[in-house]
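Here is the structure we will look at, set down as structure tokens.
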Amino acid sequence: MLLPLFAFATAQQPVQLNLKDALKYALEANQNARKAKLDVENSEYQIDEVRAQALPQINGTGGLVYNPLLQKSALPNIFGANPNPNETVLVAFGQKWNANAGVSLTQNLFNKSVFTGLDAAKAAREFYRISQQLTEEQVLEQVATNYYQVLVQRQQIGVIDSTIRNTERVQRILEGQYKNGLAKKIDVDRIAVNISNLQSQRQQLLNGVTLLENQLKFYMGMPINTAIVIPDAEIKAIQPQAIAMNQGINIDNRTEIRLLRQQEDLLNFKKESIKAEYYPSLSLSSNYLYQGLGNTVPVFKGPSSGVNWVDAASVSVNLRIPIFNGGATKSRIKQTEIRIKKLNEDIANTSLGLNLAYENAKTQINNSVITLNAQRKNVQLAQEVYNNTQSNYNNGLATLTDLLNAETSLTEANNNYSSALLNYRVAEIQLIKSQGGLKSLLN
């Protein structure tokens with residue numbers, strides 16, 4: 001676990017952060033990656049919820065009812081000592097108090113929508129797993145690209161620093177020549193302005209590095225106040241390689257396509273679930289009731305208190321056959337079919353986009369290789385110029401200013417070559433992404 005390590009860095013001292021550590025930390029701490037893991041965990045509970053519909057549903061009931069006024073019914077007077085069928089009498093039925101407790105059970109014997117829903121929930125679990133993979137790939141891309149952008153910006157600071165050092169050396173020479181009457185005041189002022197501009201550019205680059213480092217921490221899910229040190233890149237370990245323009249990829253295995261295909265499966269399950277409304281459903285239900293009746297509160301009382309307790313039970317098989325609902329089911333099926341067709345268009349568009357990204361990544365890689373070859377030649381030429389100028393200076397055929405300028409050109413050429421190598425790394429990240437291999441950066 002890298003999280004405790006960086007918590008210690010926040011409180012104590014900076015810790016060197018290499019690319020692998022940054023990527024592993026991001027997969028643990030990035031909020032989007034953590035939410036994706038929670039979605040996968042939540043999908044298990046969704047399956048349990050749907051599975052529960054296929055299990056027995058048991059409920060207990062209880063109640064205590066008081067009837068201050070009993071319902072009376074009109075009956076012919078056929079009771080008593082003087083019955084008269086033509087006469088109507090009002091008779092109250094029931095007892096003042098009614099206590100009851102019972103239990104009911106319901107079990108689905110056949111309900112196609114329940115079984116279809118269970119398959120859909122399992123497909124949803126796979127959907128969230130693929131979504132988690134896609135989220136992690138996006139996090140890896142953001143962190144890796146931003147990591148190398150920090151190194152590129154720092155390399156540019158190195159170019160500025162070397163230029164400032166050489167310019168300051170020339171400034172000291174010009175100031176000495178000015179004091180001896182061998183240089184003009186305007187030349188001294190001009191080089192002072194150049195140094196001031198270079199220092200201003202350097203400060204802007206430093207601010208840019210800070211912004212990029214803070215952005216890197218944000219992508220990683222790291223507290224912004226965490227102190228980190230990014231080591232210099234191993235330039236010699238970078239081995240640029242051109243990509244054949246006729247080389248292709250199989251996008252069917254790309255996470256983006258797999259996610260859309262899984263979404264299509266979910267829509268098909270939804271369509272089947274709606275179709276299940278046409279099917280009859282069969283269920284079993286049973287009830288048991290224990291009831292106490294009396295003119296006093298029946299709880300904990302028996303016949304001696306005028307309370308009678310009786311029980312009742314029932315078992316039934318229930319069949320429901322849908323006949324006509326005005327075409328609502330058919331309309332919902334058609335709406336789902338439209339969504340599936342739209343999703344197929346999204347799949348086609350995503351396929352085009354993935355192929356476009358791969359072709360662009362190949363072009364960018366090859367452009368970077370061309371740039372690197374040009375920068376390598378510039379380094380060789382700058383080295384030759386510096387060697388010749390140094391030889392001429394030693395023989396009194398070149399001035400110190402010429403030697404310093406040649407040294408500055410050589411330093412800039414080397415730094416530009418290093419920056420081009422790092423830019424190649426940035427382009428390489430996009431190529432790896434377009435090939436679906438971002439997880440390889442963790443190895």
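The values are calculated or read from the model by the stated rules, or taken from the named source; none is laboratory data. All values reported here derive from a predicted model rather than from experimental measurement. When we count neighbours, we look across all protein chains shown, and the Cβ atoms used for this are built from the backbone with ideal geometry, even at glycine. Ligands, DNA and RNA are stripped out before the accessible areas are found, and what is left, the full protein with its side chains, is counted by its heavy atoms. Shrake-Rupley method; radii C 1.70, N 1.55, O 1.52, S 1.80 Å.
Here are some notes:
- When residues of the range 231-268 are limited to those that are at pLDDT below 80 and among the charged types (D, E, K, R), the one most open to solvent (accessible area, probe 1.4 Å): 236
- Filtered by the rule that a residue be within 16 Å of residue 120 (Cα to Cα) and among the polar types (S, T, N, Q), the range 33-57 gives 42, 43, 46, 53.
- Listed by first and then second residue, the pairs linking a residue in the range 322-344 that is over 12 Å from residue 270 (Cβ atoms) and free of Cβ contacts under 8 Å to residues at least 60 places away in the same chain to a residue that is of a type in the set (D, E, K, R) and assigned to a helix (DSSP H, G or I), with Cβ atoms under 9 Å apart and 6 or more places separating them unless they lie on different chains, are 322/277; 325/277; 328/277; 329/275; 329/277.
For every residue, the table says whether it meets (1) surrounded by 14 or more Cβ atoms within 10 Å (Cβ to Cβ); (2) of a type in the set (Val, Ile, Thr).
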residue: 270; (1), (2): yes, no
residue: 273; (1), (2): yes, no
residue: 286; (1), (2): yes, no
residue: 294; (1), (2): yes, no
residue: 313; (1), (2): no, no
residue: 326; (1), (2): no, no
residue: 371; (1), (2): yes, yes
residue: 375; (1), (2): yes, no
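- Residue check for residue 108: outside any helix (DSSP H, G or I) and within 56 Å of the chain's Cα centre (by Cα): yes
- Cβ-Cβ contacts under 7 Å between residues 6 or more apart (or on different chains), taken from a first residue in the range 252-270 that is more than 17 Å from residue 352 (Cβ to Cβ) to a second residue that is open to solvent by 60 Å² or more (accessible area, probe 1.4 Å), are listed as 262/126; 267/339; 269/119.
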